[in-house]
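First up is the structure itself, then whatever we jot down about it.
The values are calculated or read from the model by the stated rules, or taken from the named source; none is laboratory data. Every value quoted in this text rests on a predicted model; they were computed, and no experiment measured them. Don't worry about glycine lacking a Cβ; one is built from the backbone with ideal geometry, like all the others, and counts go over all protein chains shown.
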């Protein structure tokens, strides 16, 4: 019974963290396949965050560390999107924003 309780606690912890930290509750698709894929992506993100867990870091910080370690191009794309989204604001305050992609 104790072993079952521990297993259940691990599952409950995943669903709680998945819902609050990784967007499990934001599922908006209408198919079972879509739901399966969404849960799989949330589980993958949660697993990567747990694998990158370090003392003194929150789960959110661990997830960010996993993102820039495993998928640096995704992090770079997020930054470039943020810059382009705020380009007009930056221009109004005297900043000129230019970036180029170099293929090596």
Notebook entry, point to check: Got a sec? Which of 78, 37, 101, 53 is closer than 25 Å to residue 17 by Cα and not assigned by TED's automatic domain parsing to the domain that holds residue 22?
Noted result: 78
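Results for (1) exposed (fewer than 10 other Cβ atoms within 10 Å of the Cβ); (2) at pLDDT below 85; (3) at positive phi, shown as yes or no for each residue.
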| site | (1), (2), (3) |
| --- | --- |
| 14 | no, yes, no |
| 46 | no, yes, no |
| 61 | no, no, no |
| 91 | no, no, no |
| 96 | yes, yes, no |
| 102 | yes, yes, no |
Notebook entry, point to check: Any chance segment 79-88 includes a residue that's exposed (fewer than 11 other Cβ atoms within 10 Å of the Cβ), outside any helix (DSSP H, G or I) and modelled with pLDDT of 85 or more?
Noted result: no
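Matching residues to (1) touching a helix residue (DSSP H, G or I) at 6+ places or on another chain (Cβ under 6 Å); (2) surrounded by fewer than 12 Cβ atoms within 10 Å (Cβ to Cβ); (3) closer than 30 Å to residue 102 by Cβ:
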{"position": "35", "(1), (2), (3)": "no, no, no"}
{"position": "57", "(1), (2), (3)": "no, no, no"}
{"position": "68", "(1), (2), (3)": "yes, no, yes"}
{"position": "73", "(1), (2), (3)": "no, yes, yes"}
